[in-house]
């Protein structure tokens, strides 16, 4: 990743001339940019948000393709597609979120039908059969990161070292039930206090799925 060039393009967009000024305008601490430089990486979702706010193509920010004044040819928005899998089976390890590709959607459709915003949503794969028939093996799932608790539904979560897609049922007191829609898999009862202990992390709620036919 050519981080210096990305930061330079972000400064052009935001009309800033220093890391300090850029950090202030994007709502980050100056130390965050120093950390990005040391790691030669920058949060992709932040770049996507800036691209949307300033009406600039994300490809121009990331790799310099096109021009910063280029307008979108349609009203589509691009959602990050992480080519990693949440296991809907016994539990595959997937800890690294690689640099994503993109899939385009109509923002009005996202809001009207799913109540979702492009800046808070991403797409990934679901593998395995434990959520069938609701979510089949190798389906695409759309995840809303703003919806993480208190409402029963299907979620992507990290439990220990496993990245999973499961139905969550929020019960009384400290109880949380992790359920597979496929009846051959037994539900799992955990304590919601594990959320605090970071044994269990709810990534977001699945708001849409699509699959090959």
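Can you tell me which residues in the stretch 27-56 are assigned to a loop (DSSP other than H, G, I, E, B), modelled with pLDDT of 80 or more and either more than 19 Å from the chain's Cα centre (by Cα) or under 21 Å from residue 111 (Cβ atoms) (or both)?
First, pick out the residues of the stretch 27-56 that are assigned to a loop (DSSP other than H, G, I, E, B): 27-29, 40-43, 55-56.
Add one more test, that the residue is modelled with pLDDT of 80 or more, and what stays is 27-29, 40-43, 56.
Selection gives 27, 28, 29, 40, 56.
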Can you tell me which residue in the stretch 62-118 is modelled with the highest pLDDT, limited to those that are closer than 24 Å to residue 5 by Cβ and in a helix (DSSP H, G or I)? 62
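The values are calculated or read from the model by the stated rules, or taken from the named source; none is laboratory data. Values in this document were obtained by computation on a predicted structure and should not be read as measured data. A quick note on method: Cβ atoms are made from the backbone with ideal geometry, for glycine too, and the neighbour counts reach across all protein chains shown.
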